[in-house]
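Derivation of every value follows stated rules applied to the coordinates shown; laboratory data play no part. The structure presented is a predicted model; accordingly, all values stated were derived computationally and were not measured. Neighbour counts are summed over all protein chains in view; Cβ atoms, including those assigned to glycine, are modelled from backbone coordinates with ideal geometry.
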Amino acid sequence: MSDPRVTPDDLLGIDDLLSDDERAVRAAAREFSRRLIAPQIAEWFENGGIPTMRDLAGELGRLGALGMHLRGYGCAGLSAVDYGLTCLELEAGDSAIRSFVSVQGSLAMYAIWRYGSAEQKQQWLPAMAAGAAIGCFGLTEPDHGSDPGSMRTTARRDGADWLLTGRKAWITNGSIADVAIVWARTDEGIRGFVVPTTTPGFSAPEIKHKLSLRASVTSELVLDDVRLPASAELPTAKGLGAPLSCLNEARYGIVWGAIGAARTAYETALSYATTRTQFGKPIAGFQLTQAKLVDMAVELNKGLLLALHLGRRKDAGTLAPEQVSFGKLNNTRSALEICRTARGILGANGISLDFPVIRHMANLESVLTYEGTVEMHTLVLGQAITGVAAFR
Ligand code: TGC
Ligand code: FAD
């Protein structure tokens, strides 16, 4: 019997931990990413948007990526690991695509799927799973980001109706959404509302001048006495715990996705280092470059193992929110470090959009901040370890 060998692109043999079906889901997402994202993403990033986003949403729907691990209502009903592998492959293309999928499936659809009425589910979920209707999720406000419990957007009763007033900020998909899940303060506490974006008083101006996630749409949501019927309220979403439970879903996808962005940067740096010659030999032949490549590979593989571990727990129903914070904290932080190291290995070429490195690096600055900053997830884990909440 021959000794086990390592392969450079799977140093720990993590592939062996996946089933044939999981490898097939991953292959489909990888093919999608390489065919429909990679060829055009530098241009989309440079121009600040994806002109064919509605078509791409339909393609993502056909891939089964929208609400992939939800059951019923036209959703694919696959596992959390399948969904994670898909997030990884899509984010290997660009964080904007995984962001779209996260917001659509894990935030907007999940909120309706978990907390919605039968009518809300029937009206929105099949169209959203197909990518025919686009959703967004409005929690953050201009003055309340890490501390959403202090939100100022209000919903007050007016006869049988609700009137929503306030402002949300930094909302992914906002200006292209057909439906917004809006979280607002009521006399009874925080509640969620399903807001068709054609409702009078609702507008979603796009936020321009971003230097990160440029291919993604980010918007404000302006709610100026938006009148909604009583049936627009998510009936079982009571209190801040409801939106935070949706965040667990999206954060889980990011744990995997960040590894995809880092993998692309690592592969680019490895390939560059073996072909770029200085001082008469490929720069991969210098010990300092090898140390960088090894550090990148070690962190990449550790991050992937962590994602898979959390995915198996999620499928077993044993994944705790603090464990999601562990993954989000570690994998976004190390993915960004991998991209920064890759950028250095590429020298001047590292700052060009001709290589998929600085784009991923810039995107990950957003990924580090949204869905809970490094500091928030550190404090979540600090509380888990010490038993003391240090948020305020
Ligand atoms: P706190 O008093 O701790 O909790 C309030 C209630 O919520 C419960 N809870 C959770 N439930 C489920 N999952 C979680 N992860 C939960 N964390 C807390 C908690 O048990 C409590 O329930 P109850 O029944 O006792 O009322 O709340 P706090 O005000 O002290 O805040 C805690 C903190 C700081 C951790 C939380 O506010 C937080 O996570 N802040 C970060 C905000 C954030 O992540 N925003 C993300 C906005 S969405 C987004 O960024 C989308 S980007 C997507 C993309 O484009 O890909
Ligand atoms: P702040 O909360 O003001 O924080 C500023 C700094 O202070 C951070 O470093 C933070 O960690 C630190 N800080 C705050 N409190 C503490 C503390 N107690 N201890 C130590 N440090 C602290 N939101 C949505 O609701 N929906 C979306 O779809 C969405 N999409 C986004 C897309 C993009 C591209 C971006 C950039 C953001 C998006 N967000 C979205 C908003 C995102 O969730 C917030 O930006 C994030 O939660 C942080 O809030 P903030 O920007 O207001 O920063």
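How many angstrom separate the Cα center of the range 28-107 from the Cα center of the range 284-363? If you average the Cα positions of each part, the centres end up 19 Å apart. Cross-link reach is defined here as a Cα-Cα straight distance under 25 Å, omitting same-chain residues fewer than 8 places apart; for residue 238 the lysines meeting it are 121, 168, 314. Partners of residue 302 within straight-line reach, counting lysines whose Cα lies under 17 Å from its Cα and excluding those fewer than 8 residues away in the same chain: 292, 328. Annotation: the chain has a Kirkwood hydrodynamic radius of 21.5 angstrom, from the mean reciprocal C-alpha pair distance. Using Cβ point charges alone (K and R +1, D and E -1), the dipole size of the chain about the Cα centre works out to roughly 320 debye.
With a 10 Å radius around each residue's Cβ, average the other Cβ atoms per peptide and rank 75-82, 27-34, 324-331, highest first.
Numbers: 75-82: 20.8, 27-34: 18.1, 324-331: 23.6.
The most tightly packed comes first, giving 324-331, 75-82, 27-34.
Highest GNM mean-square fluctuation among 156, 98, 276, for the chain modelled with Cα contacts below 10 Å: 276.
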